[in-house]
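The values are calculated or read from the model by the stated rules, or taken from the named source; none is laboratory data. Not measured: the values here are computed from a predicted model. Using ideal geometry, Cβ is built from the backbone for each residue, glycine included, and neighbour counts are taken over all protein chains shown. Ligands, DNA and RNA are stripped out before the accessible areas are found, and what is left, the full protein with its side chains, is counted by its heavy atoms. Shrake-Rupley method; radii C 1.70, N 1.55, O 1.52, S 1.80 Å.
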Amino acid sequence: MSSWNYVVTAHKPTNVTHSCVGYFTNPQELNLIIAKCTRIEIHLLTTSGLQPMLDVPIYGRIATLELFRPPGESQDVLFISFERYKFCVLQWDAETSSLITRAMGDVSDRIGRPTDNGQIGIVDPDCRLIGLHLYDGLFKVIPIDNKGQLKEAFNIRLEELQVLDIKFLYGCAKPTIAVLYQDNKDARHVKTYEVQLKEKDFGEGPWLQNNLDNGAGLLIPVPLPLGGCIIIGEQTIVYYNGSVFKAIPIRPSITKAYGRVDSDGSRYLLSDHIGMLYLLVISHDNERVSALNVELLGETSAASTLSYLDNGVVFVGSSYGDSQLIRLNQQQDAKGFYVDVLESFVNLGPIVDLCVVDLERQGQGQVVTCSGAFKDGSLRIVRNGIGINEQATAELQGIKGMWSLRASSSDVFDTFLVVSFISETRILAMNADDELEEIEIDGFDSEAQTLFCHNAVHDQLVQVTADSLRLIDAKTRRQLTEWRAPAPISINVATANASQVLLATGGGNLVYIEIGQGTLVEAAHTKLEHEISCLDINPVGDNPEHSNLVAVGMWTDISVRIFSLPSLTLITKEMLGGEIIPRSVLFCSFDGIAYLLCALGDGHLFNFMLNPSTGELSDRKKISLGTQPIALRTFRSKNATHVFAASDRPTVIYSSNKKLLYSNVNLKEVNHMCPFNSASFPDSLAIGKDGELTIGTIDDIQKLHIRTIPLGEHPRRITHQEQSRSFAICSAKYSSTGSNGEDMESHFIRLIEDQTFEITAGFPLDPYENGCSIISCSFTDDTNVYYCVGTAYALPEESEPSKGRILVFLVEEGKLQLVAEKEVKGAVYNLNAFNGKLLAGINQKIALYKWTLRDDGTRELQYESSHHGHILALYVQSRGDFIVVGDLMKSISLLIYKPEEGAIEERARDYNANWMTAIEILDDDTYLGAENSFNLFTVRKNNDAATDEERGRLEVVGEYHLGEFVNRFRHGSLVMRLPDSEASQIPTVIFGTVNGVIGVIASLPQEQYLFLQKLQQALVKVIKGVGGLSHEQWRSFNNERKTVDARNFLDGDLIESFLDLSRNKMEEIATPLDISVEELCKRVEELTRLH
């Protein structure tokens, strides 16, 4: 049964919809606040770039975002309004580093027609009111009193029905708005109104301006001393303030975003629909405007928002391409541009199509998306986990441990790699030809297994073997002194930092030795009641060469203990429970927070927060990383410290937003690892796995790894063909070569090699012909595998395409050979392989074609049968003889093909009116749909109903508001399906959305669903939505016709946020569920393995 579904985000939204700049977290520090539709990010502007402070989900789709400063306050607050007519005002709480809600409310009206041009939310520059334009013909006012409190809202009637933009003007005694609107003859005008708060009405404004540019679409209010307003059109820019009128012509373009550079409003950045960035300069003598000038600065991603930060640095937020941080230069570059890109932020949106393939043939799916739009179009290869890019590899059997050493303490790079075996130690170093070769260090004991080695103070090295601890001069490479364990005791475990060594000898003896210049001094010694299994002395305090604490893992009582140095006094003893001993302990610090990690022999890992001054442990958490013993090591990458956990499922532990995150590494089993930052392989890792030593660099540390293949054109459909090892895409190329600067479109089928992602062949479509669908399939009685493409001729004079083609290609030697084509009467919106035939959705009908052999030996598609009765059959999926159709506006219907009659008949349908955007078959009886009000729903066919009428009805079994516009569902998984985990038995569907979200829908067994439903209800009470928004309302299925509570869908993002809670919050949730915190963590972690 696939009626119980769990919806979770694998990749968060990346489409930047809004941004603003202000002093939000601190009166002296500038913040950039970014909205990504359903998430808010707050960044701090620092000398080294943007530093993330907060990234939170919000229970609503953000419609407007504005910072304002209430009277008498020293920092800004944030006003947000949402598409479902809620709003909130948020303020920063510095103590808890979180958002608090100052005000919130509902601004919906019972009647009213939602605006066509999107919602407008604006704040009066003098903070007297907030204005909202949500419904045609109404302007809603939320007054603000002189203490910054919001008062009751009211509506004012607005005569102008087709509003394009509204802004508050600066420097008016009464709050004044300028309204840009279109009249019923399609002419555009600007009118101003005074808002009279007492009378709750409009008064006449100071000026108006009629008959503007036909493309006028944007108002920019200019601050004092100038005041007035800039009106941006497609061919002219106008400045007007009631007395001064200035206009200049511009190159035809559609301005999409603007950003103010100077606080007095004398310079503005403008970005147009193709990502050209302009500077608009207002020349003035402090009172009067004398001229307007526009200058082209350069090219960026197509912007949806521009925020000028400081010192010529601008944030370009994009919905169609990657967002960017750019610097504006004084001097031109070679292209004559003034723009440098400092940083790019990956954006997968809009994901128009995707496919799931296992390119590396390791049983791990990767998602290849058609992302971006227009010139920012690209393919993105998204895979779970962190990749290791191999630089060098050597066969070495039986590695027992590895350490890297610098030739001298002052060196930046590592020179030696010490590799330890059961009865010997080898030292490898890079030679002049960048090859690893074996060398000698005289002072080292190479006839014994090394337990530990490290660079020490005073340019020395230490090596620990079972017999002794040696101190070696790094320059002469000779032994200076050694400390030997008293016979017959041998050293079992050792650890060291630059100035301290800790040894565990047989019988539970713990010895602490301090390193001097040429001396080793035994400073303390204690005997413990059990044997010691692991040690760590990694400094986490201020001094990087000296630690005040030591961590010790114990046999027998299965505990981890912390002693203080130099006295070896016991401070903390934490019993781990269970029977498995700790194998590796590690002090580490992430984001300035100190932790103790403790790994067991069965693949479990404990993490504790550590108080570095007192040695106390708190906030204990346990996670399972694999099934084999884990060895922990720190390493540096991109100026941050991370921890590598080597085991059968190697994992990198890192911190983001002060939370510990775990990302799997795409390697099979790793036994040993150490950082090896050498001159020829900077920032690399040495990895010891079954029989070989590999040196490689590590990808960016994140949960998902994304590789970008920029195309410079807009990919719209994609499919993969295993036999030819290729992808085929339908793409559109835009060029502004039209007679009057119009954008011309030309469409292609492209063939792409699936390992290198190089385009190997292209097939141009006819003028006006669009590629609408593409699949790889084979036919009855034919061994070849073909690419089939469905097209439509989008002629400008037609409202619906009246003709299209089905093209059949064969890949021969990396080229596309057209084998057959079939003209049809309409757009071929989709194609499916159907029992050795081809099923096509063409305008309002479903048609079936068979592949027949002509007399001359060529083949053709021959029409067999069809089914009419849809408005537009946009989405079709088939399984066996069943066909599921998603209609433009008539929801989902189920058809069946009857082979003996050769006919297609309708079996059942959903009688609700849903405007579909994607469908998928979950199992034989359950079908999943997404519709254009951002909802998901499932329907089920009633096989056992009594009457024909009931059997002909698809029953809606699940409903849920996703808050995302889904373009495509595909069966598949982003993770390795490991046979030992429960998660591998759960079927999953992956979806891609306009905001760049990749999500997973997992169909759960009923008992697991019911348990998680209880957990979700408990979490809603503990985790409160930002801005006071209700989770229940947000997830309720909502469209123009109805709102109903979510059912048979669970919010995986909420459930998995359980793992980020503090220990006492976890207990608060676990107690009523009658389950231990450990068990609950384990069950939620199991779910995180789904993505």
* **Stretchable slack from residue 286 to residue 183, in nm (0.36 nm times residue separation minus alpha-carbon distance)** => 33.6 nm
* Structure fact -> With the 8 Å Cα cutoff and a minimum separation of six or more residues, region 200-313 has a relative contact order in percent of 18
* To do: Please work out how much accessible surface residue 109 shows to a 1.4 Å probe, ignoring ligands, DNA and RNA, in Å² rounded to 10.
  => 40
* To do: Distance check, please: which entries in 140/198; 174/198; 1024/1082 exceed 18 angstrom between their Cα atoms?
  => 1024/1082
* Could you run the Karplus curve 6.51 cos²θ - 1.76 cosθ + 1.60 with θ = phi - 60° over region 494-499 and give me ³J(HN,Hα) per residue in whole Hz, x for Gly and Pro? => 8, 8, 7, 10, 5, 10
* Asked: Under the definition of Cα pairs under 8 Å and six or more residues apart, what whole-number percent is the relative contact order of region 895-1019?
  -> 17
* Take the alpha carbon atoms of region 63-123, find their center, do the same for region 701-722, and report the distance between the two centers in whole angstrom. => 36
* Asked: By average Cβ neighbour count within 10 Å, what is the ranking of 123-129, 762-768 from highest down?
  -> 123-129, 762-768
* May I ask you to give the solvent-accessible area per residue for region 309-468, in square angstrom, as obtained with a 1.4 angstrom probe? => 41
* To do: Return the tail of the calculated pair distribution for region 198-276, meaning the percent of Cα-Cα pairs more than 19 Å apart.
  => 42
* Structure fact -> Given a 1.4 Å probe, the accessible area of region 499-648 per residue, as a whole number of Å², is 38
* Structure fact -> Once the mean of 1/r over all distinct C-alpha pairs in region 751-852 is inverted, the Kirkwood radius in Å reads 14.3
* Using a probe of 1.4 angstrom, how much of the accessible area of region 432-562 is carbon and sulfur, in percent? -> 45
* By what distance, in whole Å, do the Cα atoms of region 880-982 stretch along each of the three principal axes, largest value first? -> 43, 35, 27
* Dipole axis of the chain (+1 Lys, Arg; -1 Asp, Glu on Cβ), positive-most option in 134, 926, 779 -> 134
* With charges only on Cβ, +1 for K and R and -1 for D and E, what is the dipole size of the chain about its Cα centre, in debye, rounded to 20? -> 1880
* How far is it, in nm, from the label point at residue 251 to the one at residue 668 when both lie 7 Å from their Cα along the line to the Cβ? -> 5.6
* Structure fact -> Over region 366-461, the quotient of the Cα radius of gyration and 2.2 N^0.38 Å is 1.65
* Structure fact -> Here the relative contact order (percent) of region 576-724, from C-alpha pairs under 8 Å and at least 6 apart, is 13
* Structure fact -> Computed over the chain: longest principal axis from alpha-carbon atoms vs helix 1006-1022 long axis, angle to nearest 10 degrees, is 90
* **Shape call, region 213-335: gyration tensor on alpha carbons, a/c limit 1.5** => prolate
* Which far-off residues, 5 or more places away or on another chain, put their amide H under 5 Å from the one on residue 500, with H placed in the peptide plane? -> 515
* Asked: Of the accessible area of region 963-1074, with the probe set at 1.4 angstrom, what percent is carbon plus sulfur?
  -> 50
* Per residue accessible area in Å² of region 942-1062, where ligands, DNA and RNA are left out and the probe is 1.4 Å -> 43
* **For residue 655, distant residues with modelled amide H under 5 Å away** => 661
* To do: Send over the per residue convex hull volume for region 843-940, Cα only, as a whole number of Å³.
  => 109
* To do: Report, in deg cm²/dmol and to the nearest 500, the calculated mean residue ellipticity at 222 nm for the chain, where each DSSP H run with n ≥ 4 adds -39500 (n - 2.57) and the sum is divided by the residue count.
  => -1500 deg cm²/dmol
* Counting only the heavy atoms of the protein chains, how much of residue 1019 is accessible to a 1.4 Å probe, in Å² to the nearest 10? -> 0
* Asked: Using the Cα gyration tensor of region 517-654, with a ≥ b ≥ c the square roots of its eigenvalues, what is the shape: rounded (a/c below 1.5), prolate (a/b larger than b/c) or oblate (neither)?
  -> oblate
* Structure fact -> Of the candidates 876, 892, 975, the farthest towards the positive dipole end of region 856-976 (Lys/Arg Cβ +1, Asp/Glu Cβ -1, centred on the Cα centre) is 975
* To do: Along Cα→Cβ, 7 Å out, is where each label goes; now give me the distance between the ones at residue 1043 and residue 784 in nm to one decimal.
  => 5.7
* Asked: For residue 754 and residue 951, what is the calculated FRET efficiency with R₀ set at 51 Å and r taken between the beta-carbons, to the nearest 0.05?
  -> 0.70
* To do: Note the per residue figure in Å³ for the convex hull of the C-alpha positions in region 263-371.
  => 133
* To do: Mind checking which of 158, 187, 171 is farthest towards the positive end of region 151-195's charge dipole, using Cβ charges of +1 (Lys, Arg) and -1 (Asp, Glu) about the Cα centre?
  => 171
* To do: Round to the nearest 10 and give me the degree value, 0 to 90, for the angle of helix 1077-1088's Cα axis relative to the longest principal axis of the chain.
  => 50
* Asked: Which option, (1) 55, 40, 30; (2) 77, 31, 29; (3) 106, 66, 25, is the value of semi-axes √(5λ) of the Cα gyration tensor in Å that was calculated from these coordinates?
  -> (1)
* If you plug each phi of region 147-153 into the Karplus form 6.51 cos²θ - 1.76 cosθ + 1.60 with θ = phi - 60°, what whole-Hz ³J(HN,Hα) values come out, in order, with x for Gly and Pro? -> 9, x, 8, 8, 9, 5, 7
* Asked: In sequence order, what are the phi-derived ³J(HN,Hα) couplings for region 724-735 according to the Karplus relation 6.51 cos²θ - 1.76 cosθ + 1.60 with θ = phi - 60°, rounded to whole Hz, with x for glycine and proline?
  -> 9, 6, 9, 10, 10, 10, 9, 9, 10, 10, 10, 9
* Subtract the Cα-Cα distance of residue 810 and residue 23 from 0.36 nm times their separation in residues, and report this length gain in nm to one decimal. => 277.3 nm
* By its C-alpha gyration tensor, with a ≥ b ≥ c as the square roots of the eigenvalues, how is region 118-255 shaped: rounded for a/c under 1.5, else prolate for a/b larger than b/c, else oblate? -> prolate
* Asked: What part of the accessible area of region 587-725, given as a whole %, is carbon or sulfur when the probe is 1.4 angstrom?
  -> 46
* Gap separating the Cα centres of region 492-544 and region 358-406, nearest whole Å -> 38
* Placed amide H near residue 460: partners under 5 Å, 5+ positions off or other chain -> 474
* Asked: With every protein chain in place, what's the accessible area of residue 276 (1.4 Å probe, Å², nearest 10)?
  -> 40
